[in-house]
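The values are calculated or read from the model by the stated rules, or taken from the named source; none is laboratory data. This one's a predicted model, so the numbers in the text were calculated from it and none came from an experiment. Positions of Cβ are backbone-derived with ideal geometry, glycine not excepted, and every protein chain shown enters the neighbour counts.
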Amino acid sequence: MDVLKKILYAIGALVALILIVAAIMPKDLNLESEVIIAKPKQVVFDYVKILDNQKYYSKWVMLDPNVKMSMTGTDGTVGAISAWESSMDDVGVGEQEIKTIVDGERIEYELRFKKPFEATDSAYTTFEAIDSTHTKVINGFRSKMPFPMNLMMPMVRKMLTTDMAINMKNLNEQLSKD
């Protein structure tokens with residue numbers, strides 16, 4: 001019986017420690033990835049603002065060749081919504097809405113994930129002319145992870161950072177084809 005008590009105390013202490021760590025871990029996730037593209041800023045901006053173009057550079061869209069995509073509104077304008085539906089958990093079900101466009105400078109999005117989990121997050125893309133033929137593109141992602149889900153923050157950060165870098169690499173390769 002003493003061994004069982006010790007095991008239960010150890011499990012209780014471990015659970016308490018995990019919950020304490022989760023309580024002090026950050027709950028906000030802010031990530032950015034950037035790339036320099038050898039194209040004028042307006043050319044890059046005009047390409048990226050079209051949500052349908054993500055099928056050529058977004059790792060997540062390209063992951064499932066059978067993903068069902070649909071568009072509501074006029075692509076490339078505020079209020080346009082690109083929705084996706086996939087049976088693959090890595091792609092899932094959700095939609096992305098263009099919330100703000102500052103022509104040639106910035107696009108802001110709201111991401112609404114429905115499956116395999118529900119979440120509403122935000123993303124943005126900024127464009128900065130390095131010179132007349134080179135553009136720095138920064139893609140950002142913001143999310144809040146509630147307690148105790150924030151325990152997964154390091155794993156999520158690593159995965160998303162890698163995926164966002166792939167997206168920027170793919171975007172650069174796509175725009176370099178011309």
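Brief remarks follow.
- Segment 152-173 - residue that is loosely packed, with under 15 Cβ neighbours inside 10 Å and over 11 Å from the mean Cα position of the chain (by Cα) and, of those, farthest from I20 (Cα to Cα): E173
- Test: K27 is under 17 Å from the mean Cα position of the chain (by Cα) and within 26 Å of E173 (Cα to Cα): no
- Filter result for P26 (exposed (fewer than 15 other Cβ atoms within 10 Å of the Cβ), in contact (Cβ under 8 Å) with a residue 40 or more places away in the chain and in a loop (DSSP other than H, G, I, E, B)): yes
- Flag for K59 being more than 26 Å from M159 (Cα to Cα) and surrounded by 17 or more Cβ atoms within 10 Å (Cβ to Cβ): no
- Any pair with Cβ under 9 angstrom, 6 or more apart, that starts in segment 52-76 at a residue that is closer than 16 Å to I107 by Cα and ends at one that is surrounded by 13 or more Cβ atoms within 10 Å (Cβ to Cβ) and among the aromatic types (F, W, Y): N53/Y47; Q54/W60
Each row is one residue, and each column tells you yes or no for (1) exposed (fewer than 13 other Cβ atoms within 10 Å of the Cβ); (2) basic (K, R); (3) in contact with a helix residue (DSSP H, G or I) (Cβ under 7 Å, 6 or more places away or on another chain).
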site	(1), (2), (3)
L8	yes, no, no
I11	yes, no, no
A16	yes, no, no
E34	no, no, yes
P40	no, no, no
V43	no, no, no
Y47	no, no, yes
N53	no, no, yes
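- On the stretch given as segment 124-177, residues that are outside any helix (DSSP H, G or I) and in contact (Cβ under 8 Å) with a residue 24 or more places away in the chain total 23.
- Residue ID - farthest from the chain's Cα centre (by Cα), chosen from residues in segment 62-101 that are under 20 Å from M168 (Cβ atoms) and surrounded by fewer than 16 Cβ atoms within 10 Å (Cβ to Cβ): L63
- Note on segment 37-47: residues that are under 15 Å from N167 (Cβ atoms) and either in contact with a His (Cβ under 8 Å, 6 or more places away or on another chain) or assigned to a strand (DSSP E or B) (or both) total 1.
- Positions within segment 105-137 being more than 18 Å from S176 (Cβ to Cβ), touching a Phe, Trp or Tyr at 6+ places or on another chain (Cβ under 9 Å) and not polar (S, T, N, Q), in sequence order: E105, R106, I107, E108, Y109, L111, A119, D121, A123, Y124
- Matching residues, segment 102-122, being among the aliphatic types (A, V, I, L, M) and exposed (fewer than 15 other Cβ atoms within 10 Å of the Cβ): V102, A119
- Scanning segment 123-140 for residues that are closer than 20 Å to W60 by Cβ and either modelled with pLDDT under 95 or surrounded by fewer than 15 Cβ atoms within 10 Å (Cβ to Cβ) (or both) turns up nothing.
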